[in-house]
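Okay, so here's the structure we're looking at.
Bear in mind that the values in this text are calculations on the coordinates, not laboratory data. Remember, predicted model here, so these are calculated numbers, not experimental data. Neighbour counts are summed over all protein chains in view; Cβ atoms, including those assigned to glycine, are modelled from backbone coordinates with ideal geometry.
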Amino acid sequence: MKRILAALAASAVLAVPGAALAQDKVKACFVYVGPKTDGGWTEAHDKGRLFVEEQLGDKVETAFVENVAEGPDAQRAIERFARADCDIVFTTSFGFMDATLAVAKRFPDVKFEHATGYKTAENMATYNSRFYEGRYIQGVIAGHMSEKGEAGYVASFPIPEVVMGINAFMLGAQSVNPDFKLKVVWANTWHDAAREADAAKALIDQGVDIITQHTDSTAPVQVAAERGIKAFGQASDMIAFGPETQLTAIVDTWGAYYVKRIQAVIDGTWEPGAIWEGLKEGILTMAPYTNMPDDVKATAEETEAKIKSGELHPFTGPVNRQDGTPWLAEGEVADDATLLGMNFYVEGIDDKLPN
Amino acid sequence: MFEAILITIATAATPLLLASMGELVVERSGVLNLGVEGMMIMGAVTGFGVAAMTGSAWLGVFAAAIVGTLFSLLFGFLTLTLVTNQVATGLSLTLLGLGLSSMIGESFVGRAGVRLGALDIPYLTEIPYIGRLIFGQDPLCYISLLLTAGVSWFLFRTRAGLTLRSVGDNHSSAHALGIPVIRIRYLAVMFGGACAGLAGAYLSLVYVPQWVENMTAGRGWIALALVVFASWRPWRVLAGAYLFGAVTIGQLHAQALGYGIPPQLLSSLPYLATIIVLVLISRNRRLTMMNTPASLGRPFVPDR
């Protein structure tokens with residue numbers, strides 16, 4: 001037994017130079033809220049991580065942890081990475097914001113990047129994608145494609161990000177059909193395929209003929225396909241689950257951003273900040289426009305081009321709040337701070353926003 | 001629309017009912033297997049994989065039941081033969097199942113699966129209002145109902161059922177009477193594993209025909225809780241599972257109708273309603289005591 005222990009101790013000593021060598025590489029660590037193969041949100045982040053490995057090769061080492069619950073577990077997971085020689089830690093869910101900040105304060109030498117939040121620090125940056133641009137395009141398509149003029153929205157949690165998406169979708173649809181109706185169901189989960197499917201079924205049973213989602217699994221698209229209802233994918237292209245019914249999907253492409261930020265760590269030029277990019281910069285792309293007539297497709301492409309060129313901002317007045325009070329005057333464009341803290345619906349949405 | 005809602009309720013209730021019915025028999029034999037979630041997820045990944053590879057949903061269902069059984073045998077070997085702690089072993093079975101299934105299922109992700117179709121009996125399914133509801137469910141839904149009737153009949157109307165319950169109530173006395181306690185518990189554990197495997201297959205072949213990591217999402221734990229709150233009575237488990245399913249679906253519809261009730265409250269309703277109703281049903285303490293397997297979770301070593 002003693003001999004085994006001695007051997008173990010010797011190998012531990014031997015291992016040290018290896019560990020020192022490994023430090024020459026920049027270690028980038030990713031904290032995921034769901035499984036990396038969810039077909040949606042987390043998969044998009046993991047594709048970004050793989051893109052980093054491909055682009056930076058030997059200069060970088062990556063690590064990730066999946067299925068981290070938002071809450072106390074998140075802080076533990078982030079802290080473990082901070083202690084495990086990670087140079088930069090990406091935390092990829094809104095609910096990780098406070099946990100990331102708490103760990104960032106205790107580990108000033110480690111750099112943190114939090115997705116979709118609004119809190120920053122000396123060593124903590126945030127990055128976000130203007131998903132609402134894609135959701136506006138979806139709304140425009142829904143406005144053309146829905147025969148009943150009513151869509152169903154499978155939502156996750158009533159946080160600004162999701163509320164903003166619902167509003168953008170609605171404004172897009174209203175730009176085509178001012179009487180468009182939108183039913184919202186909160187599944188209270190990011191990732192529970194069966195519950196998301198139930199939510200989609202409930203919406204379809206109540207008569208909507210288009211489904212869109214802000215949850216992470218492919219279940220709503222699949223349910224819609226089974227019932228012959230058109231749907232939009234989320235975060236990743238979900239065409240495999242609705243080959244004849246997916247209209248398009250907003251696809252997150254984080255890879256280029258990750259490469260840029262990790263390269264900055266390698267070069268020693270990393271700075272905290274808040275980045276919010278969209279279709280123009282390519283952090284967000286649209287899956288091919290499928291299963292729609294050519295004229296709708298042309299309208300969608302035109303809308304996309306206008307958003308990219310800056311000619312069109314989805315949140316441009318006149319827009320009223322749900323209760324009818326004016327929010328944006330004619331031609332006025334919403335500022336980013338209001339969008340990031342959005343806690344109200346625009347006029348026409350048939351749901352009471354939970355708070 | 002009403003008919004459609006009732007059909008979705010049955011879909012939501014069936015996996016819970018299948019898993020609970022298995023666990024009920026396991027617990028009636030005096031064994032507490034907390035690994036339901038793990039066996040279920042193994043069933044889900046096996047069912048999906050086999051069905052996708054062979055193109056036959058039924059083969060997937062059978063394979064899921066077999067893998068569930070094998071997984072439960074692991075639990076049986078550890079807790080019954082090696083007499084390890086049942087709670088700890090059950091928990092590790094769940095952790096093992098979750099990890100192993102995501103490893104096995106890695107290549108299944110993003111693939112649309114095979115669906116186990118609903119029954120379609122000519123003429124009968126077409127009866128207005130009730131046709132689809134009574135004759136047009138998926139086969140596993142009927143199996144789960146038959147299973148409930150079967151388990152109830154077996155436990156309370158057969159000699160073998162009486163023997164199983166006696167093992168669960170007092171394994172020392174049963175042993176003294178010459179009843180093979182360990183063998184009976186093995187069989188019960190295997191039955192529980194097969195049922196959990198079926199429940200998992202239901203998720204990945206009927207509910208959402210795709211493989212998603214962690215797709216059981218805690219349903220195994222709900223099934224476990226149902227057994228306890230239903231005080232180990234099969235028909236009460238059925239009532240609990242359908243109540244849970246009904247409130248789960250009902251709250252989604254209430255949201256879509258836009259009544260403005262906070263969704264956080266609505267989401268907790270299935271749990272609250274099921275617990276309250278089952279506690280009310282089981283409020284007679286003497287009867288509940290009688291139904292509780294007295295040796296539940298206690299290890300049995302024959303020569304002691």
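Quick notes on this structure:
- Square roots of 5 times each gyration tensor eigenvalue, C-alpha, region A:130-264, largest first, Å: 24, 17, 14
- Taken about its Cα centre, region B:185-304 carries a charge dipole of roughly 580 debye when the Cβ of each Lys and Arg holds +1 and the Cβ of each Asp and Glu holds -1.
- Segment A:D335-A:A102, length gained on full extension (0.36 nm per residue, minus Cα span): 81.1 nm
- When only Cα pairs below 8 angstrom with a gap of at least 6 residues are kept, chain A shows a relative contact order of 17 percent.
- Restricting region A:125-188 to trypsin sites (Lys or Arg not before Pro) that sit in a DSSP loop and have at most 15 other Cβ atoms within 10 Å of their own Cβ leaves A:K148.
- Cross-link partners for A:K260 among the lysines, with Cα-Cα distance under 26 Å and sequence neighbours closer than 8 places in the same chain left out: A:K25, A:K27, A:K36, A:K47, A:K59, A:K105, A:K111, A:K119, A:K280, A:K308.
- Nearest 10 degrees, 0 to 90: helix B:57-76 Cα axis against chain B principal axis: 30 degrees
- Two-decimal Rg to Rh for region A:85-127 - Kirkwood Rh, Cα set: 0.90
- Placing +1 on the Cβ of every Lys and Arg and -1 on the Cβ of every Asp and Glu, with nothing else charged, gives region B:2-291 a dipole about its Cα centre of roughly 880 debye.
- Rounded to the nearest 20 debye, dipole of chain A from Cβ charges on Lys, Arg, Asp, Glu: 1220 debye
- By the Cβ-Cβ criterion of under 4.7 Å, the unpaired cysteines of the protein assembly as shown are B:C141, B:C195.
- One decimal place: the segment B:W153-B:W221 gains 21.9 nm when fully extended, by the rule 0.36 nm per residue minus the C-alpha distance.
- GNM top mover of B:Y186, B:Y123, B:Y202 - chain B, alpha-carbon springs below 10 Å: B:Y123
- The calculated 222 nm mean residue ellipticity attributable to helices in chain A amounts to -13000 deg cm²/dmol, summing -39500 (n - 2.57) over DSSP H runs of n ≥ 4 and dividing by all residues.
- Modelled FRET efficiency - R0 41 Å, A:T325 with B:L119, Cβ distances, 0.05 increments: 0.15
- The distance from the alpha carbon centre of region A:161-213 to that of region B:192-210 is 28 Å, rounded to a whole number.
- Quotient of C-alpha Rg and 2.2 N^0.38 Å, computed over region B:2-291: 1.01
- FRET E, pair B:I104, A:A256, Förster distance 30 Å, beta-carbon r, rounded to 0.05: 0.35
- Using alpha-carbon coordinates, inclination of helix B:2-28 to the longest axis of chain B, degrees: 10 degrees
- Sparse-neighbourhood loop sites, chymotrypsin sites (Phe, Trp or Tyr not before Pro) in region B:127-164 - DSSP loop, at most 16 other Cβ within 10 angstrom: B:Y129
- Cα-based Kirkwood hydrodynamic radius, region A:157-196, one decimal, Å: 11.5 Å
- Once the Cα atoms are used to define both axes, helix B:139-157 deviates from the longest principal axis of chain B by about 30 degrees.
- Pairwise centroid distance, computed over Cα atoms, of region A:17-88 with region B:253-304, Å: 40 Å
- Modelled spin labels at B:S56 and A:K280, positioned 7 Å past Cα toward Cβ, are 5.9 nm from each other.
- Farthest toward the positive end of the dipole of the protein assembly as shown, out of B:M40, B:G99, B:L70, is the Cα of B:L70, where the dipole comes from beta carbon charges about the Cα centre.
- 222 nm mean residue ellipticity, helices alone, for chain B (DSSP H n ≥ 4; -39,500 (n - 2.57); rounded to 500): -23000 deg cm²/dmol
- Sparsely packed loop sites in region A:123-186 (the GluC sites (Glu not before Pro) outside DSSP H, G, I, E and B with at most 11 other Cβ atoms within 10 Å) comprise A:E147.
- Using R0 = 41 Å, the C-beta based FRET efficiency linking A:E147 and B:L265 works out to 0.75.
- Reachable lysines from A:K201, criterion Cα separation under 25 angstrom, eight or more residues apart if same chain: A:K148, A:K181, A:K183, A:K230, A:K352
- Over 34 Å [Cα-Cα, the protein assembly as shown], rounded percent: 50 percent
- Footprinting exposure proxy ranking of B:C195, B:C141, A:C29, fewest other C-beta atoms within 10 angstrom first, gives B:C141, A:C29, B:C195.
- If the Kirkwood radius is taken over C-alpha pairs of region A:40-103, then at 37 °C and 0.692 mPa s the Stokes-Einstein diffusion coefficient equals 261 µm²/s.
- The simple spin-label model puts a point 7 Å past each Cα toward its Cβ; for A:D294 and A:T269 those points are separated by 4.7 nm.
- Computed across chain A, the Kirkwood radius stands at 21.4 Å (inverse of mean 1/r, all Cα pairs).
- Modelled label positions at B:Y142 and A:E70, each set 7 Å beyond Cα in the direction of Cβ, lie 4.3 nm from each other.
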